Amino acid sequence: MAGTATLMALKATSEARASEQRVDSDRHRAVLVLISDHLVSNGYVEAAAALDREGGAPLTRFAAADNVDLGSVRDLNLRVVMHTTRRSPCIAARTVAITSGAPPELDSL
């Protein structure tokens with residue numbers, strides 16, 4: 001009886017892990033499809049083709065839903081973060097310090 005319970009617990013754990021991996025894979029593919037759609041709609045066809053080749057998921061079989069685009073997902077995420085943290089999130093951060101010889105238009109970054 002104890003062996004059966006252990007076997008059932010292992011099976012449940014394995015199924016839960018497989019389900020999590022499927023969800024992660026679906027999310028990964030959905031983000032890649034949105035990015036690819038964004039690239040194509042902004043004229044970056046070669047970059048979208050490179051993403052399709054190197055993305056690790058066959059993107060040509062999928063299309064972004066007509067009511068969702070990358071900008072709307074970003075806006076929704078910003079609203080959620082602002083609502084939960086009560087502060088404006090930083091989307092991009094400077095990674096390299098600007099030297100004194102930089103052009104004036106970069107000094108404001």
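Each peptide in 47-55, 4-12 receives the mean, over its residues, of other Cβ atoms within 10 Å, and ordering these scores from highest gives 47-55, 4-12. A simple rule links phi to the HN-Hα coupling: the Karplus curve 6.51 cos²θ - 1.76 cosθ + 1.60 with θ = phi - 60°, which for the range 88-96 gives 6, x, 9, 7, 10, 10, 5, 10, 10 Hz, with x for Gly and Pro. Centre-to-centre, using Cα atoms only, the range 1-37 and the range 58-76 are separated by 23 Å. Helices meeting the span-like rule in the chain (full DSSP H runs, Cα extent of at least 30 Å along the helix axis, mean Kyte-Doolittle score of -0.5 or higher): 2-41. Largest GNM mean-square fluctuation among T95, T13, T60, using the chain with Cα springs under 10 Å: T95. Rounded to two decimals, the Cα-based Rg/Rh of the range 2-91, with Kirkwood Rh, is 1.18.
Bear in mind these aren't lab numbers, they're just calculated from the coordinates by the rules spelled out. Please read these numbers as outputs of a predicted model, since none were measured by experiment. Don't worry about glycine lacking a Cβ; one is built from the backbone with ideal geometry, like all the others, and counts go over all protein chains shown.
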